[in-house]
Amino acid sequence: MATNKKNGEATDLDIEHELPSAENEDAIPSRSRGGGAAMDDPEAELESLRAERASYLDRLARLQAEFDNFRKRSMKEQQDFRDYALAEALKSLLPILDSLDRALNTNATSVQEYLSGIELIDKQFHDALARLGVEPIPAEGELFDPNLHQAVQMVDTADVADNHVIDELQRGYRIKDRLLRPAMVRVASNPKH
């Protein structure tokens, strides 16, 4: 640790890896230290400057290598996080795939049995999406919002208020505040309302 004589502050300075600040005069290598002999001998001063330059270049190369290693390590950590986050999401969907496989291999005798099985799988899937933070976007009867709805048709009708969603053709979803997919809707065009 070096002490700044100007203001008496103690500064943490890793002499081997950090360059001194311009304000800290004591930490700057002085070319005039060592008496007048260095000033009288230009060869010694030149050699001293070359050694100082080599030291700075070595430190710069080390810092660049450290930064490059940090950047590579950060990129790998981010990729690992994405991979593991995806794995956790997929793990929550595997029971639904198991249910679908069982439904395909069952020997149900009536359409009603298949229908009740499909309804259970649908509920299981929606529950898994809810645990992941995915929620459906309300559409039918709502005021058309271009940020949440994608209008595929404008329908002239007096039954529904102007610019309100008549029906939903495809459900939209969002995760927390981010839109995953807009709801595809038909919108009422009613100039009387």
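About its Cα centre, what dipole magnitude does segment 60-188 give when the only charges are +1 on Lys and Arg Cβ and -1 on Asp and Glu Cβ, stated in debye to the nearest 20?
It comes to approximately 940 debye.
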* Asked: Once amide H atoms are built 1.01 Å from N in the peptide plane, which residues 5 or more positions from GLY172, or in another chain, come under 5 Å H to H?
  -> ILE137, ALA183, MET184
* Could you go through segment 86-103 in sequence order and give the Karplus-derived ³J(HN,Hα) for each residue, using 6.51 cos²θ - 1.76 cosθ + 1.60 with θ = phi - 60°, rounded to whole Hz, and x for Gly and Pro? => 5, 4, 5, 5, 5, 4, 6, 8, 4, x, 5, 4, 4, 5, 5, 4, 5, 5
* Asked: If ASP159, ASP80 are ordered by their accessible area, calculated over protein heavy atoms with a 1.4 Å probe, which sequence runs from highest to lowest?
  -> ASP159, ASP80
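Under a Cβ-Cβ cut-off of 15 Å, what is the net charge of the residues other than LEU120 that fall near it, where Lys and Arg count +1 and Asp and Glu count -1?
Working: positive: ARG102, LYS123; negative: ASP98, ASP101, GLU113, GLU119, ASP122, ASP127.
For residues surrounding LEU120, the net value is -4.
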* Distant-in-sequence amide H partners of VAL155 (H built 1.01 Å from N, under 5 Å) -> VAL187, ALA188, SER189
* Asked: Cα extents of segment 42-193 along the three principal axes, largest first, in whole Å?
  -> 98, 55, 19
* **Over segment 52-141, volume per residue of the alpha carbon convex hull, in Å³** => 134
* Alpha-carbon radius of gyration plus Dmax, which is the widest Cα pair, for segment 44-93 in Å -> 21.7, 74
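The values are calculated or read from the model by the stated rules, or taken from the named source; none is laboratory data. As the structure is a computational prediction, the values presented were derived from the model and not from experiment. Here Cβ is always computed from backbone atoms with ideal geometry, including for glycine, and neighbour counts include all displayed protein chains. These area figures cover heavy atoms from the full protein model, side chains too; ligands, DNA and RNA do not enter into them. Shrake-Rupley method; radii C 1.70, N 1.55, O 1.52, S 1.80 Å.
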